[in-house]
Every structure is written in structure tokens, then in C-alpha cells.
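The numbers here are math on the coordinates, done by the rules we state, and not lab data. These numbers come from a predicted model, not from an experiment. Note that we place each Cβ from the backbone using ideal geometry, even for glycine, and neighbour counts take in every protein chain shown.
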């Protein structure tokens, strides 16, 4: 699609979004064509062939000409049916085959709602479309709308105008201008399509005057009464958009000129209506993600998380927001990068951070204040986000690392060790039937695998040898300000989290502690370079090690052990921690020579 066409679609999307319900949709047989539904005239011709066959005559080459010569009248839908069957039930059975699918047709997705019908139904559900005019006899649109939980009000004949609910009070009105296939009064012939009743004309005059118009699948060539109703409307309040596959006929161009309509060339009805749904949803997501609305959503979570009665509401709310981010992470925005340089790498990082930030904000109150059944939400959300993206894409698991760090630091700031366990110990990465501890694959070292990629994040400051950790420290500071206001406290808690992250990594990967010193490996955080000289870490150097000693001295009643870390065993914690200190000194020796 060219730029101008795309620009017109954007105009339509914005107009629909900011003026919900003001556009009437006019659809013709082109929308149902993909479902294998014949047009009204095609049905008439087929019925003539059946009638000729019953009389043992051949209507070729022109069934219409044969009928006129045989019966001295123009083909009329109702009259042909009367010649084929005597009772309404018999006539109905003849018509069913044109509109109701067999089991075989259902399997082939014929005579069932198409993607276009489903997308229109979604627009109805979202409140963007309330008035639908159709020249089709089928009930595919009604079925699609009912499947999204809305029962449309149907006007299918003159009788239905009497007592019909005023359309301003209806969620959706479908006006079947040419009738319904179950009513043999449907309009097919040129004569039948030339004039509408006064009731119909009055209704259409009001619709075309008050509504904007979106036209799709309707040629404008044969339906003179409908064409004239559009042409006599003086409305200019809302735009008319004609979604067209190919060149418009002269009659359609007349309408375009009169209403100053925008023509949008499309591939098919499925494609354009699905695109409209996607774009209005994206616009709605953007609006919902404004800073003020995010704060409102955080307030909702805080309210839910403290009341056990709101557990289901909280779960539904968090799941919905997680799926929005999951879908975004699987979009083309996060596709493969052919040539990685500093600019593309940093741009990809920023994209992940932007996409994940709303979810982090929503989940922080659960990490900080959550308890009981709510804690499993932390695990499920992190696991779901970790499963997004394609393997081996650049930074594919960066969003889950952001969640691990942000939620983990927040949980630790409130000494909510059960939340911390849900984040660091309970999370798993699934590959088919296999499950591994998530932090094995989601940590600084695995996500930023090569030192040259670390260099792309930002150049280390003097004596700072963990640029990726430094970056997380900086970007999470703003998100955690409400939970950890003091900068010095944030610095200390961040170090504690990274240290416990590493100890937990060793614990999960060394269940029996055999050969602990020889096989040990764990990611090293910012704490690795914060002491002088580099690689020489003494307990007196930092409050971090006062904290570690306090844990050891507190015994098994300390919250960390009660939450299940280190199997609740203080001695196990002590062994792992001492081995880790030796590993830090060994691993950071090369930093003294300027090597990462």
C-alpha cells in the first residue's frame, strides 16, 4: 500500500477513535464473497437454471433472456421461487443451500463469518461502529457480532421499522436494505432496487445526514435507490471513506464527487478491517499508557493487592496487561537486526525498556506488598514475558531481566522475601517439556554475552567494570523512587539484591554442594568493583557485608530462610557465600588490567 493510502487509513482510524459511533458502515456482497456466498443476482440466475432444468429446457447462453422469453416478464426472485416450490417451507429449503453451510463447507470455512466479519464485530464491541447498512441477504455479520457477546437489532423489512428501538439506544443496528434470505420478499431485480418505500427513505436520509460513511464491498452500480439516497444527503460533518478493490464504476464516482469521499485502495475486506481493528487498538493502548493513566492503574493494583477479596480482579488485571506486553514483544518491532552497531543495539534496548516499563510499574506493588496467592502472579508474569520473542534475537530476554531486577529490588526493599522467592527461585524457563531455573538464562552475563556488546551500552567510567549492571541501576532508579526514596538506601539495596541473586544462582545450580569451590560460577554485580583495590573484598569495606553477616547471625528464623532460600539452612548459605567471595576475587583479577 502506498504512503498516501496509508495516510488516509490513519485519518480514518483517528476519526473513528475520537468519534466513536459516528460512522455508519455500508457493506455489500464483496465482504461476503470470501465466504463463498453468491450475490443476489447470481442466486437469481442459478434459480432460473434450476427452473429450466425442471422444465427440461436449456437456458444457455443467457438465463435471463431465456426467462423473459419463456414467461414474458423480467426475472423476479419471489416469482421464480413460487414456480419452483408452493409452500414457504419448501421455498426456504431451496434457499438454505446458498447461505447455510454443510459440514464439509464448515471445514473449508465457507458460508461462515470471515475475518472481515469478525473484525467488524470487534469494532462493534469496542463501540466504534453502531450503524451497519448492508445489501447482503446472509446472516454472517449477525453471527459474528453475536459471537462477541452483542445481539444486534435487525431491520430486515418494512415491518421492522415499526417499533424498532431508536438507534441511539442500540449497541448495534443492522439494516438489511434488500432483505434477509429467510424472507422471500428480498430485492434482486433492477426494478426492485430502483425505489425504496417512504419509511426506508426517511430512515436513510437521517442516517446519511448524521453519520459519516465507510463503504466496502458495494459497487454502487445496480442499487439506484440506495445510490440516490446517498446523493441527496447534504451531510459534510463527517468524512466518507470508500474502501475499494480496483477501479470504481461511474455511479460510484458520482457518489465520491458529491460527498468528497476519500478512496482507499485495499487488497481485500479481511485485510482492511483487521488493519482498522489493530490500529484503533494500538491508539487506545497508547492513550491508556499516558503517565496519568499508568498512575491510575498502579492505584488500582495497590487497592486490589491489599484486599484478599480482589484476588481474582488483580489476577485478571495483571494477566491482561502482561498479554499486551507479550504481544508487543512478539511484533515486528522486535524482529531480527541484520547489522548490529552501537546505535541499533542501544535503540533495541530502549525499545524493550519502553515496552516493559508500564508492566513493571503495575507489578511493583505486588512485589512490595503482595502475599499469599498473589505472589504466584509475580512468577507467572515473569515467565510469560521470558517466553516472548524469537530465539537468538538480539536482547530477546532483556524485558524479563528488567522485571527480575525491578521487582526483586522492590521486594527486597520491603523485606518481602516470599515475593523475592517467587521472583528468583520459582520462575522457570520452559522449552517444550523441559524446565530450567529462569535465572540460568536470564542474567546479566547471558543476555549481554560478549564484552563488546557491553561496551555498546555505555563506556565504563573509571574503575567501573559492569556497564550493563550500571545501566540497570540508572534506569530503574526512577521507577523505584516511590518505593525507595533515599538514593544511598537504593544503592545499598541494589548491591544486596545483586549479591543475593548470585548466591541464589549458585544454590540452585549446586544442589549437593559437591566440588563447590572448583565448579563455582555466578554473575558478578556492581559490588565487584566498588572496593579498593579491585578484587579485594573485606567485610569492613561496605554495609553490604554487614548485611550478609547479619543474615548469618540471625539464624533460620530470618525471612530469607523461612521463604525457602538455601533450603532454609544457614550453614548452606555460609558455605555458598564464602565460596562466592573467593570466586569474586579470582574473576575480578583481570579487571585490574582494564579488562572486563
Using the alpha-carbon atoms, what tilt in degrees (0 to 90, nearest 10) does helix 375-386 show relative to the longest principal axis of the chain?
70 degrees
Would you calculate the convex hull of the Cα atoms in the chain and tell me its volume per residue in Å³?
206 Å³
Which FRET efficiency, nearest 0.05, do residue 331 and residue 474 yield, Cβ-Cβ r, R0 25 Å?
0.40
Where both residues lie in the chain, what percent of DSSP beta bridges are antiparallel, nearest 5?
15 percent
In degrees, nearest ten, helix 269-288 long axis to first principal axis of the chain (Cα):
40 degrees
Ranked by how many other beta carbons lie within 10 Å on average, peptides 307-316, 54-63 from highest:
307-316, 54-63
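Go ahead and estimate [θ] at 222 nm for the chain from helices alone: -39,500 (n - 2.57) per DSSP H run with n ≥ 4, summed, over the residue count, rounded to 500. Each step should come with its number before you reach the end.
Values: 29 runs with 330 residues, N = 596.
That calculation yields -17000 deg cm²/dmol at 222 nm.
Of the peptides 484-492, 10-18, how do they stack up when ordered by the mean number of other Cβ atoms within 10 Å, highest first? Before the final figure, lay out the partial values.
Details: 484-492: 14.0, 10-18: 16.7.
Descending packing order for the listed peptides: 10-18, 484-492.
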Given Cα pairs under 8 Å that are at least 6 residues apart, what percent is the relative contact order of the chain?
10 percent
Extended-chain gain in nm, criterion 0.36 nm per residue less alpha-carbon gap, residue 110 and residue 323
73.6 nm
How far apart, in nm, are two points set 7 Å out from the Cα along the Cα-to-Cβ line at residue 209 and at residue 440?
7.3 nm
Report, in degrees rounded to the nearest 10, the 0 to 90 angle that the Cα long axis of helix 3-18 makes with the longest principal axis of the chain.
90 degrees
Spin-label pair residue 162/residue 79, simplified geometry with 7 Å Cα→Cβ offset, distance in nm
2.7 nm
Residue 267-residue 380 FRET efficiency (beta carbon distance; Förster radius 45 Å; 0.05 resolution)
0.70
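Using mean Cβ contacts within 10 Å as the protection proxy, how do 72-78, 408-414 order, highest first? Display every interim value, and only then the final one.
Working: 72-78: 15.6, 408-414: 24.4.
Per-residue mean Cβ counts within 10 Å order the peptides as 408-414, 72-78.
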For region 206-336, rounded, prolate or oblate, judged on the Cα gyration tensor with a ≥ b ≥ c (square roots of eigenvalues), a/c < 1.5 rounded, else prolate if a/b > b/c?
prolate
How far apart, in nm, are the 7 Å Cα→Cβ label points at residue 60 and residue 198?
5.0 nm
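Gain in length, residue 92 to residue 46, computed as 0.36 nm per residue apart minus the alpha-carbon separation, to one decimal in nm? Can you show the working numbers first?
Values: separation 46, 0.36 × 46 = 16.56 nm, distance 1.53 nm.
Working it through step by step, the gained length comes to 15.0 nm.
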